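Scroll down for the structure; my scribbles are underneath it.
Please treat every number below as a calculation from the coordinates, not as lab data. Keep in mind it's a predicted model, so treat the numbers as computed, not measured. All Cβ positions, even for glycine, are placed from backbone atoms using ideal geometry, and neighbour counts span all protein chains on display.
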Amino acid sequence: MTKDPDAITDTVTEAELRANHDKLNHDVDPDYVIKLIGMNKWYGDFHVLRDINLNVHKGERIVICGPSGSGKSTMIRCINRLEEHQTGQIIVDGVELTNDLKNIDAVRREVGMCFQHFNLFPHLTILENCVLAPMWVRKEPRKQAEERAMAYLERVKIPEQANKYPGQLSGGQQQRVAIARSLCMEPKIMLFDEPTSALDPEMIKEVLDTMVQLAEEGMTMLCVTHEMGFAKTVADRVIFMAAGQIIEENEPHEFFNNPQEARTQEFLSQIIGH
Amino acid sequence: MMGKYVEKEALPPPVSTSGPIAWVRDNLFNSPLSTILSLLTIYLLWNIIPPIFSWAFFDANFAGDNVDACTGTGACWVFIKVRLNFFIYGFYAEAERWRVDLSFLLLAIAVVPQFFDKFPYKMWLGVASVTLLPLIVGTLLIGGVLGLPPVETHQWGGLMLTLVLSYVGIVAALPFGVILALGRRSEMPTVRMVCVAFIELWRGVPLISVLFMASVMLPLFLPDGWDFQKLLRALIGITMFQSAYMAEVIRGGLQAIPKGQVEAAAALGLGYWRSMGLIVLPQALKLVIPGIVNTFIALFKDTTLVLIIGLLDILATVQSSIVDPAWRGVAAEGYVFAAFCFWVFCFGMSKYSQALERKLHTGHKR
Ligand SMILES: Nc1ncnc2c1ncn2[C@@H]1O[C@H](COP(=O)(O)OP(=O)(O)OP(=O)(O)O)[C@@H](O)[C@H]1O
Ligand SMILES: [Mg+2]
């Protein structure tokens, strides 16, 4: 890294940040960066998320697993408001998600996301993909944004691809670019929705390595994945969801070796049976 | 143990057996059916091309200044030569025609470089040609300021009028179309309803009736003193009509962009306008370039309909000259000339769109 990641916010004093926060803030809790309190969501009549309660510490790595259709994607997409919840509260870094666009912007500024299908912008080069949001959202000058983008591309080990288009890269490379693109906004929290499940086996490792590295640097991560090896090595906590509910959560060793619920045992036996 | 695998050397591709004779054999006479079709085509061309050439060139008359000069069996191009100024300028005051010429020149300066890849300042020229150019040319042609004597718009005509109508139509219909298309996909019900109503209304009526209403009926409803010029009314009519079509073409492109693109933009903190302007529209517009140019070409040719409200575009000037008793039997020449003028511009647009598509291609789909 050529730049101190906090350099941007340094221009704003700590007190100003606090004051700004308190204005948006309903419930400052220094311990938790994400709080879901009794959150419910429906798609039409379908009750997809049922009374979700979840607290995430700063720097905590959480893996979310569960059968298909259990609402994993929906839950993490609620955290950056790609989906709207109907009842209950979601508080991210002290800001509650409501219909207020200011709050949504404030949350999205702190939360990065990686998708199953990468969702790179195909009409822009890799470098342009990475500098777009810093330049337009954070109003950084191009030079500074490019420097940071190159630093992150180096970190995900593909600086030499900077001037290619996404369509010219392999799936694994694209996903690493997507991670770098999110990191360029210097988020406090990263959400991953099955980042490796669209990849060929030999590419999964390169993406997981990137994620492990990120975890080691202390990033708060929420990761929907079926990569149980990843869960065992980096997760602080594994959450099991089924039918729109959090059925069980535990630290990984206990979760895998000593699952409490029958539903969890069944799921784990299926996964290991594979 | 060492493996037996040895990396094979990269070889150059085989020399292709190309050349004109091989091409003809491989493409025109590669099967009995294609041989028959090729021979048939050659026979037809042999029968059609020479007569056309002798009519248009070898037997045609070029010299002279009235119908008596046309003694040959071929085309009477004298007619076009004598009437050319009328076809280009209409009734635009003769002493002021340099203003039209200057406008043509400015248009060429703005547009021609867009065909060349390497031209510097191309983007600025492009921006200027949709913002500054209409203003400058408008001032120049209308006059009344800067010591330029005013020229009434009912004197405008010919190619110049055709270009004014289509240029303004094209430059205005695209942004209107984009706004309408975005509006139609908006999540706000009122915005959506207004846009749907607008599009369906204008698309549902023929352009002729739009022009007719604009010129005949609109003045009846407007209070006194609101009566603005016929040309302006035609321009508004054409723009509204074509932007409705444009909106639907663009909507097709918007729908083809995966939802993940908008989600990724939102997750990065881009708001609605930025995510549309930077992510969705550039991709959507690129996808529908053929459809957009199709609409432009249709618009260009539809400008001939202004004849119905008494504006003389290039086709109308040709038609009114054909019925002139001084020039009998030159209808074919007149229509061929008009058709050729339209074809040149439409072909230019088509070529430009192909070049643009090639240039913007970054898909590299696997
Ligand atoms: N836009 C939508 N409208 C209606 N129902 C939806 C919508 N999106 C998802 N659902 C439903 O909500 C449920 C949860 O979907 P979700 O995508 O969160 O599941 P998931 O746990 O991520 O599954 P997977 O492992 O297959 O990705 C599913 O039953 C799905 O059919
Ligand atoms: Mg999912």
Rg and Dmax of the protein assembly as shown, using alpha carbons, in Å: what are they? 33.4, 108
Using every pair of alpha-carbon atoms in chain B, split the distances into 20 Å bins beginning at 0 and state the percent of pairs per bin, rounded to integers. 21, 45, 28, 5, 1, 0
Could you work out, residue by residue across A:82-91, how many beta carbons of other chains sit within 10 Å of that residue's beta carbon, and then give the average as an integer? 1
Excluding A:Asn40 itself, what net charge comes from residues whose Cβ is under 11 Å from its Cβ, given Lys and Arg +1 and Asp and Glu -1? +1
Compute the signed sum of charges (Lys and Arg +1, Asp and Glu -1) over the other residues within less than 13 Å, Cβ to Cβ, of A:Pro252. -4
Burial-style ranking of B:345-358, A:171-184, average other-beta-carbon count within 10 Å with highest first, yields A:171-184, B:345-358
Segment B:278-313 versus segment B:239-257: alpha-carbon centroid distance in Å: 10 Å
Within a Gaussian network of chain B (alpha carbon springs, distance under 10 Å), most fluctuating of B:Thr153, B:Thr35, B:Thr190: B:Thr35
What are the equivalent ellipsoid semi-axes of segment B:16-58, built from the alpha-carbon gyration tensor (square roots of five times its eigenvalues), in whole angstrom, biggest first? 28, 14, 4
Listed pairs A:Lys102/A:Lys139; A:Lys157/B:Lys359; B:Lys122/B:Lys301; A:Lys58/A:Lys143 exceeding 23 Å between Cα atoms: A:Lys157/B:Lys359; B:Lys122/B:Lys301; A:Lys58/A:Lys143
Using distinct alpha-carbon pairs, which all enter the 1/r mean, Kirkwood radius of segment B:1-82 in Å: 18.4 Å
Here the residues of segment B:297-337 lying in the modelled label zone of B:Ala56, meaning backbone nitrogen under 11 Å from a point 7 Å along Cα-to-Cβ, are B:336-337
Given the options B:Trp98, B:Trp23, B:Trp55, which has the most mean-square fluctuation in a GNM of chain B, springs set between C-alpha atoms less than 10 angstrom apart? B:Trp23
Using the beta-carbon distance between A:Arg50 and A:Glu147 and R0 = 51 Å, what value does 1/(1 + (r/R0)^6) give for FRET efficiency, to the nearest 0.05? 0.65
Evaluate E = 1/(1 + (r/R0)^6) for A:Ser68 and A:Glu154, where r is the Cβ-Cβ distance and R0 equals 35 Å; express this FRET efficiency to the nearest 0.05. 0.45
Any cysteines in chain B with zero other Cys Cβ atoms under 4.7 Å from their Cβ? List them, or say none. B:Cys195, B:Cys341, B:Cys346
Helix check for chain A. Which DSSP H runs span at least 20 Å along their own axis by Cα, with a mean Kyte-Doolittle hydropathy no less than -0.5? A:201-216
Taking R0 as 22 Å and r as the Cβ-Cβ distance between B:Met188 and A:Gln86, the FRET efficiency 1/(1 + (r/R0)^6), rounded to the nearest 0.05, comes to 0.65
Counting helices only, and only those DSSP H runs with n ≥ 4, report the 222 nm mean residue ellipticity of chain B as the sum of -39,500 (n - 2.57) divided by its residues, in deg cm²/dmol to the nearest 500. -20000 deg cm²/dmol
Among all helices in chain B defined by DSSP H, which have a length of 20 Å or more along the axis from Cα atoms plus a Kyte-Doolittle mean of at least 1.0? B:32-53, B:97-111, B:158-184
Expected integer from the mean partner chain Cβ neighbour count at 10 Å over A:99-112 is 2
Extension gain from B:Gln354 to B:Gln255, taking 0.36 nm per residue of separation minus the Cα-Cα distance: 33.4 nm
Could you give the nm distance between label points at A:Asn40 and A:Glu261, where each point is 7 Å from its Cα heading toward the beta carbon? 1.8 nm
Among B:Val194, B:Val164, B:Val178, which one moves the most in a GNM of chain B with springs linking Cα atoms closer than 10 Å? B:Val194
If I model a spin label at B:Phe104 and B:Tyr121 as a point 7 Å from the Cα along the Cα→Cβ vector, what separation in nanometres do I get? 2.4 nm
